[in-house]
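Participant: Can you read through this structure? Questions will come right after.
The values are calculated or read from the model by the stated rules, or taken from the named source; none is laboratory data. Here the structure is a predicted model, which means the values were calculated and not measured. Please note: Cβ atoms are built from the backbone with ideal geometry, for glycine as well, and neighbour counts cover all protein chains shown.
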Amino acid sequence: MAETIKPQEPKILILATLAGGYAGADSTGQSHVDYPANTYILPVMCPVMFPPEFFIRAFEHGIDGIIIMYSGTDSPYKVEAEGTAKLINQTYALMKQRGLDIRRLRLAAICTVCVKPFLKEVTQMAELLKGIGFVKHEIHAHATTAQGAPA
């Protein structure tokens, strides 16, 4: 019997705050709505806890796209909105240095019952990743260019 080989899908990591994004993801699950199976949801208290290097390491370990889902300016934590925006800007600078497409990292305000916005963000990221490809190819191309060989 011949084995069917499934094409690999790009991996999407969602850092979902308990006060917003995770509750939105939970509402999506309770509604029995499908979203890409290549999505991994990590519930977090606040995304500011993660240094920019965390995101770079995640990309280096094969995560192709990251969405930070938080409550935006409605966050119960004062530092979350401003601190997260600052964190993302620092991470974008590191991504550019390493030749990574900054569209791989996205910040989205998701409320506790936001099923449609949750699905929209995940679907958009999945479509983007199909277009730009796997992060390992970007990392390899940048490493090759940095060593002086043509990409």
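Participant: In contact (Cβ under 8 Å) with a residue 60 or more places away in the chain, in contact with a helix residue (DSSP H, G or I) (Cβ under 6 Å, 6 or more places away or on another chain) and more than 14 Å from LEU15 (Cβ to Cβ), is that true of PRO36?
Facilitator: Working: in contact (Cβ under 8 Å) with a residue 60 or more places away in the chain: yes; in contact with a helix residue (DSSP H, G or I) (Cβ under 6 Å, 6 or more places away or on another chain): yes; more than 14 Å from LEU15 (Cβ to Cβ): yes.
Answer is yes for this residue.
Participant: Just to be sure, is ALA93 among the aliphatic types (A, V, I, L, M) and out of contact with any Ser or Thr (no Cβ under 9 Å at 6 or more places or on another chain)?
Facilitator: On the way: among the aliphatic types (A, V, I, L, M): yes; out of contact with any Ser or Thr (no Cβ under 9 Å at 6 or more places or on another chain): yes.
Considered against the rule, which asks whether it is among the aliphatic types (A, V, I, L, M) and out of contact with any Ser or Thr (no Cβ under 9 Å at 6 or more places or on another chain), ALA93 comes out as yes.
Participant: Can you give me the number of residues within the stretch 20-33 that are hydrophobic (A, V, I, L, M, F, W, C) and out of contact with any helix residue (DSSP H, G or I) (no Cβ under 8 Å at 6 or more places or on another chain)?
Facilitator: 1
Participant: Let me ask something else about it. Testing THR123 on (1) modelled with pLDDT under 95; (2) more than 21 Å from THR17 (Cβ to Cβ), one condition comes back false. Which one is that?
Facilitator: The one condition THR123 does not meet is (2).
Participant: Quick check: is even one residue across the stretch 87-96 of a type outside the set (Asp, Glu), out of contact with any strand residue (DSSP E or B) (no Cβ under 6 Å at 6 or more places or on another chain), surrounded by 13 or more Cβ atoms within 10 Å (Cβ to Cβ) and modelled with pLDDT under 95?
Facilitator: yes
Participant: Can I ask one more? Looking only at the stretch 23-63, filter to residues that are farther than 24 Å from GLU80 by Cα, not in a helix (DSSP H, G or I) and not small (Gly, Ala, Ser); which one of those is modelled with the highest pLDDT?
Facilitator: HIS61
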